[in-house]
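The values are calculated or read from the model by the stated rules, or taken from the named source; none is laboratory data. Predicted model only: the values in this text are computed from it and were never measured. Methodologically, a virtual Cβ is constructed for each residue, glycine included, from the backbone with ideal geometry; neighbour enumeration extends over all protein chains shown. Remember, those area values only see protein heavy atoms, side chains included, never the ligands or the DNA or RNA. Shrake-Rupley method; radii C 1.70, N 1.55, O 1.52, S 1.80 Å.
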Amino acid sequence: MSSATAPHRVSAAPPLVVTLENTPEAAAVARDVAVDFLKGLGPPPGRDASDAVVLIVSELVTNAVRHTLTHTCTLRLTAAPGTVTVAVADASPHPPCERNPDVRGEGGGFGWPMVRRLAVSTSVETSPQGKTVSAVVAQEGKRSA
């Protein structure tokens, strides 16, 4: 007797929106929020996708804290069948930029390229009031060609 199983897909869920104070602890709080959000999905994403979401959340929130002079940023997590979208909004209109990574570990430069590698797509929406940086993660993890 054979059995067929339905594809493992994350169900759609209401978005979760959290405003974070731009403090050194913001990334840790955001990671905890992301882990709880992912655990609440039915079924939760696979480990690779979950790890990618948490890492992207951490990086985008860290960038908002480090590179803006405002007091808060907003994290939005959204799940749809097959994907999880991470969006971080802040009051700086300047989009993320590529820069040479500092291999001595003092100046960064690794985060934005890493986010783009982990996500199936990224986008940056800017306005005079600020920007929103978004990354879409495939539920099964990004596939390499």
Item to check | Number of positions in the range 19-61 that are open to solvent by 70 Å² or more (accessible area, probe 1.4 Å), modelled with pLDDT of 95 or more and not in a helix (DSSP H, G or I) | outcome: 3
Checklist entry - open to solvent by 30 Å² or more (accessible area, probe 1.4 Å) and at pLDDT below 95: does that describe Pro113? => result no
Checklist entry - What are the residue pairs meeting all of these: first residue in the range 44-67, first residue within 14 Å of Gly111 (Cβ to Cβ), second residue of a type in the set (Asp, Glu), Cβ atoms under 6 Å, and 6 or more apart or on different chains? => result Ala64/Asp90
Checklist outcome for this item: The correct count of residues that are under 15 Å from the mean Cα position of the chain (by Cα) and among the small types (Gly, Ala, Ser) in the range 37-75 is 5
Next on the checklist: Residue under question is Ala12, and the condition is that it be surrounded by fewer than 15 Cβ atoms within 10 Å (Cβ to Cβ), touching a strand residue (DSSP E or B) at 6+ places or on another chain (Cβ under 7 Å) and at pLDDT below 95; does it hold?
Outcome noted: yes
Item to check | Hits in the range 62-80 - residues which are open to solvent by less than 20 Å² (accessible area, probe 1.4 Å) and in a loop (DSSP other than H, G, I, E, B) | outcome: Thr68
